[in-house]
1. For the list (1) under 37 Å from the mean Cα position of the chain (by Cα); (2) more than 28 Å from ALA329 (Cα to Cα), I need the number of the one condition that GLY41 fails.
2. When you go through (1) farther than 20 Å from GLU303 by Cβ; (2) hydrophobic (A, V, I, L, M, F, W, C); (3) surrounded by fewer than 19 Cβ atoms within 10 Å (Cβ to Cβ) one by one for PHE54, which number turns out not to apply?
3. So the check is Cβ under 8 Å with 6+ separation or different chains; which pairs have a first residue in the range 177-193 that's aliphatic (A, V, I, L, M) and a second one that's part of a helix (DSSP H, G or I)?
4. If you go through the range 316-339 one residue at a time, how many are assigned to a loop (DSSP other than H, G, I, E, B) and under 21 Å from ALA356 (Cα atoms)?
5. Go through (1) assigned to a helix (DSSP H, G or I); (2) closer than 20 Å to ASN421 by Cα and name the single condition MET489 misses.
6. Quick one: LYS62 ticks every box in (1) surrounded by 18 or more Cβ atoms within 10 Å (Cβ to Cβ); (2) in a helix (DSSP H, G or I) except a single one, so which number is it?
7. If ARG161 meets every condition in (1) surrounded by 14 or more Cβ atoms within 10 Å (Cβ to Cβ); (2) within 37 Å of the chain's Cα centre (by Cα) apart from one, which number is that one?
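The values are calculated or read from the model by the stated rules, or taken from the named source; none is laboratory data. If you're wondering where the values come from, they're calculated on a predicted model, not measured in any experiment. Positions of Cβ are backbone-derived with ideal geometry, glycine not excepted, and every protein chain shown enters the neighbour counts.
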Amino acid sequence: MRVTLEDNPRLPFLREKTQKLSHLPGCYIMRNKSGTIIYIGKAKNLHNRVSSYFRDSEHLPKVARMVSNVYDYDFIVTDSEYEALVLESSLIKQHKPKYNILLKDDKGYSYIKISDEDFPRITREMQKKGSGTFIGPYTSSFTSKQTVEEVNRVFMLPTCRRVFPRDFGKERPCLNYQIKRCIGLCRGCFSKEDYRAIIDEAVEYIKSGSTASVEEMTAQMNEAAENLDFEKAAMLRDRISAVSRAAETQKVFEKNLPDCDVIALARNGSTGCISVLVYRDGKLTDKSDFLLGETEDDSDTRETFLTQYYDYGAKIPKDIYLDAEIESAEVIERYFREKSGHAVHILVPKRGEMLALARLAKSNAAEKLSLSVGRSGKEIATLEELGKLLGLPKPPLYIECYDISNLSSADMVGGMVVLDNGRPAKRYYKKFAIKTVYEQNDYACMQEVLRRRFENYFDPECSDTGFSTMPDLVFLDGGKGHVAAVAPMLKEMGVEAPVYGLVKDDRHRTRAVVSPDGGEIVISKNRAVFNMLTRLQDEVHRYTITYQSKRHSAKTFESELTKISGIGEKKAQALFTAFRTKQALREASAEDIARVMKISPEKANEVIGSFISQIK
């Protein structure tokens, strides 16, 4: 969406006001016609930042909507960027403006429920409903979910849908019992008292934690052994072992992991999602995902998220790891230090264990985002990696790839295939029969294909949806020469999409990407990007050569038809268009042939004999 004077009649006034604005740091407060605050921001330079909103330039739809509703704005000058950050945080918490990022994660309060039955179950519930005992509330649904799964696994409690004691002995024990994931309550071998004792131990385990539970169960095991109750001792021994395994599996990464938060941003077009992994005592204790909607600058998005996330009550650890650099790291560190009372470091890991954690957080963000955009997390992450590899400002969601195929100077064609958000969009594929090049010249053919494609894009009367989208990225099946031939032409046409080449090795496998300056970008080290581009290059080659082969076969068929008495080029073309194959032509009736050739059935019968004898 393009912000123009028609969108907001106040723009001339706002621009004039902004010309006089201070270049000092501070906060700006956007208001609508009724005086309601709709956006609050901070800036190192108020004049430059506020001016950017009112320029007649492209904005994200969300920003454009905000600008179109601005009637006036206030500003507060501060002595430093730090003071601007503190003031912005306070104002956002107070006013909750409509167009600011207001964090909403996928969590609510949750509870652990011990049902009120003769043979109770332990489950996670999002609300206090029904009779039973509730432990909580938990602010982290992740923690409550993990706890319930762990306690049911450690104490081998039933998680099936059978009703007890009604279903005792009615069916054979389920698979969980066979693989020692359940005590087999369905067998009817436990009294209410014995089962209740197990539930009491499980509840104590939830409340006291694994360490205290292990100590208590160890004492009980030793006592049972001394009393020669070896069956009970063996059961406790297995339970202790299960607790130890559960404690280990909670550690996503082991050994000396410091208390920290790991935060990563994933993006699909303008839509962003941030995932936060919380590590305490060497364990992953919480995970939160935040869908941010439309965002522009990644660094600003991360900065805004950080301040709001910790302003709304999250405990600030000493170490916060991000997946990428932010511009105001030192300012935010100071803010968090004042807020928490201890030193805070914002870090971007480059190697080792913490880099692995940052990638894990990014993977979680991509998976969460994938649910909202209908793509897999892997596809989203691959597009983001491709964008970074090529130095693009954002992940390329709409990608076109072109190839040329010919037999010497005959039957020269071009093909266009499309990746829409990481997946082939066959409804947008296009075929081009070369019209202006008469001798074999791949560069000239590629120029013709790209010129015709974008002439259709700029033609207001063209209604073909395959031509209506400006791609985020253009690939050519070819090297430096292809890029050099096409890129200047597209620039002259006003096409802003970056153009890259795809080159193959001696075994016809995708080897590298050719950049606009003629250099090669190695892609083999990034397996996901390598696989995607290899499939793309194979697809455009298959699509183009298939089209070329069909055209060649058609011309050969038409040539054979013209040898038949009474059939010229136009009638041969009409017959081919109608029947396509020799077999279909042999099986056609005289009436069908007469209709296509526009002759009488009697005349059609005269040439049928020629078909049989001359078309092999």
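1. Here GLY41 meets the rest and fails (2).
2. With (1) farther than 20 Å from GLU303 by Cβ; (2) hydrophobic (A, V, I, L, M, F, W, C); (3) surrounded by fewer than 19 Cβ atoms within 10 Å (Cβ to Cβ) applied to PHE54, the lone miss is (3).
3. Between residues of the range 177-193 that are aliphatic (A, V, I, L, M) and residues that are part of a helix (DSSP H, G or I), the close pairs are ILE183/TYR177; ILE183/ILE198; LEU185/TYR195.
4. 6
5. (2)
6. The one condition LYS62 does not meet is (1).
7. Just one mismatch for ARG161, condition (1).
Results for (1) modelled with pLDDT of 70 or more; (2) of a type in the set (A, V, I, L, M, F, W, C); (3) part of a helix (DSSP H, G or I), shown as yes or no for each residue.
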| site | (1), (2), (3) |
| --- | --- |
| VAL474 | yes, yes, no |
| ALA484 | yes, yes, yes |
| PRO516 | yes, no, no |
| ILE521 | yes, yes, no |
| ASN531 | yes, no, yes |
| HIS541 | yes, no, yes |
| ILE564 | no, yes, no |
